[in-house]
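*Asks:* Pasting a structure here, questions to come.
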Amino acid sequence: MRHVLAAVLAAVSLPSIAGAQTAAPPASAPAPRQSEIGAAIVGDMDGLMALYRDLHANPELSGQEVNTAGKLARRLRAMKFDVTEKVGGTGVVAVMKNGSGPVLLIRADMDGLPVTEQTGLAFASKVRAKTAEGVDTGVMHACGHDTHMTAFIETAKLLSARKDQWKGTLVMILQPAEETGKGARAMLEDGLYNRFPRPTHAIAFHDAANLEAGKIGYTPGYALANVDSVDIVVKGVGGHGAYPQATKDPIVLGARIVTTLQTLVSREQDPQDPAVVTVGSFQAGTKHNIIPDEAKLQLTVRSYSDETRAKLIKGIERIARGEAIAAGIPDDRMPAVSVQDEFTPSTYNPPEFAEKMAAVLRGHFPQGQVVKTPAVMGGEDFGRYYRADKSIASFIFWVGGVPADQMAKAAAGQLSLPSLHSPFWAPEADKVVASASEAMTVLALDILKRD
Ligand SMILES: [Zn+2]
Ligand SMILES: [Zn+2]
């Protein structure tokens with residue numbers, strides 16, 4: 001093995017020495033292939049990165065995206081889109097009609113997260129704001145929605161400048177409040193499919209914290225999960241810690257419920273149909289020697305199909321009640337299980353359309369840039385646009401944001417990568433924006449192609 005390695009090293013080092021002497025690239029290196037659209041994006045990149053840095057430095061929380069929406073709406077108007085603001089809160093709908101043909105919805109989400117940025121970037125966010133619950137917090141584009149908006153604006157620019165290459169209608173939407181699972185629903189309830197042309201197709205992308213910068217990932221079928229927040233209020237009978245016989249201890253009962261919940265996925269769920277039940281919060285009591293009368297649990301519950309979702313929620317209710325009965329809790333003190341309104345439904349890429357879109361991307365980008373990726377247990381409310389009308393051909397894809405050297409170090413176990421929502425998440429934005437803008441434009445030109 002050592003000999004082989006030495007030979008490889010020699011082969012690698014020779015051309016670079018020759019190149020240094022002649023100050024010319026090695027003759028064997030192929031010229032990087034670049035499409036006309038790719039070249040246009042390279043030409044726009046300085047301006048795009050200025051927009052990206054501005055968006056990154058000025059994030060706004062879910063439902064509060066007033067300035068973000070305003071400045072992007074102005075840009076869309078300048079490109080001659082017919083722009084409507086305040087759709088579903090701060091949402092923006094930009095329509096461009098260009099003859100008869102399909103109606104393509106392209107979506108970007110606008111909200112930042114209640115995260116205090118720690119990337120150390122020169123343009124890091126210093127913004128602070130109050131959440132809907134009144135909590136003062138740092139705000140950061142820790143999910144990369146700033147890359148989504150930047151690529152969205154470039155896609156709008158490229159398509160509006162190429163109206164001779166497509167026909168149909170563009171409905172480009174900037175959506176609020178993705179992170180709370182409320183924005184897509186709010187835009188739909190505010191008449192997105194009635195007040196504006198009803199889409200026949202819908203596309204979007206999300207940046208990825210586990211994929212090399214510029215690579216494109218796609219998942220046919222279920223791509224992202226149903227996300228439910230479930231609260232359990234465990235009721236007991238409080239009293240003195242020294243006299244447990246006179247109480248019903250909700251802490252011990254809560255602990256039993258947490259333990260039994262572990263069997264819901266491991267013993268009741270088909271291993272081929274993934275699900276998650278995580279208890280993320282368990283709060284009870286005030287003092288060493290007092291048995292409280294209540295304990296509160298907060299759960300995140302993930303699934304793909306709606307049948308599995310319903311089964312998990314029923315199982316949680318059954319286990320909470322069953323453990324309470326076993327603990328001798330009186331009938332009128334049974335645990336209260338409530339599914340919170342902050343629900344994000346699973347995102348489904350109809351497989352035939354996903355493969356068709358992937359084939360378009362593979363035909364356009366260099367070999368190896370477009371890869372099939374496994375489904376994830378994260379959530380995205382983009383799935384709602386398809387659920388609201390299942391005749392829509394819908395496709396969400398990933399665009400990697402991890403610098404290649406960090407990807408290599410992580411693969412070698414020398415580095416653990418920050419995830420989306422991490423205060424350290426700093427995607428290689430120019431590569432995300434370049435790949436995403438090109439991919440969105442190429443897909444749009446295919447969906448809206450002239451005969
Ligand atoms: Zn997010
Ligand atoms: Zn996101």
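*Asks:* If you go through the range 186-213, how many residues are under 27 Å from E355 (Cα atoms) and either within 16 Å of ligand 2 (Cβ to nearest atom) or touching a strand residue (DSSP E or B) at 6+ places or on another chain (Cβ under 6 Å) (or both)?
*Replies:* The total comes to 16.
*Asks:* With a cut-off of at least 3 residues that are touching a residue at least 60 places away in the same chain (Cβ under 8 Å) and more than 21 Å from the chain's Cα centre (by Cα), name the helices (runs of 4 or more DSSP H) lying wholly within the range 354-451.
*Replies:* In the range 354-451, 429-447 are the helices (runs of 4 or more DSSP H) which contain 3 or more residues that are touching a residue at least 60 places away in the same chain (Cβ under 8 Å) and more than 21 Å from the chain's Cα centre (by Cα).
*Asks:* Can I ask one more? Condition check: over 20 Å from M149 (Cβ atoms), assigned by TED's automatic domain parsing to the domain that holds H141, among the acidic types (D, E) and more than 16 Å from ligand 2 (Cβ to nearest atom). Does D430 satisfy that?
*Replies:* no
*Asks:* Can you run down the residue pairs with Cβ atoms below 6 Å, 6 or more apart or on separate chains, where the first is in the range 236-254 and on the phi < 0 side of the Ramachandran plot and the partner is part of a loop (DSSP other than H, G, I, E, B) and exposed (fewer than 12 other Cβ atoms within 10 Å of the Cβ)?
*Replies:* These pairs meet every condition: G241/N289.
The rows are residues; the columns are (1) more than 18 Å from D109 (Cα to Cα); (2) surrounded by fewer than 17 Cβ atoms within 10 Å (Cβ to Cβ); (3) within 16 Å of ligand 2 (Cβ to nearest atom).
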| residue | (1), (2), (3) |
| --- | --- |
| V371 | yes, yes, no |
| D381 | no, no, yes |
| I392 | yes, no, no |
| G400 | no, no, yes |
| A404 | yes, yes, no |
| K409 | yes, yes, no |
| Q414 | yes, yes, no |
| H421 | no, yes, yes |
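*Asks:* Looking at the range 34-84, which of the residues that are polar (S, T, N, Q) and free of Cβ contacts under 8 Å to residues at least 12 places away in the same chain is farthest from V115 (Cα to Cα)?
*Replies:* Checking each candidate, the answer is Q34.
*Asks:* Looking for whichever is at pLDDT 95 or above and at positive phi here; the options are G368, G401. Which one fits?
*Replies:* From the options G368, G401, the qualifying one is G368.
The values are calculated or read from the model by the stated rules, or taken from the named source; none is laboratory data. Since we're looking at a predicted model, the values are computed, not measured. Using ideal geometry, Cβ is built from the backbone for each residue, glycine included, and neighbour counts are taken over all protein chains shown.
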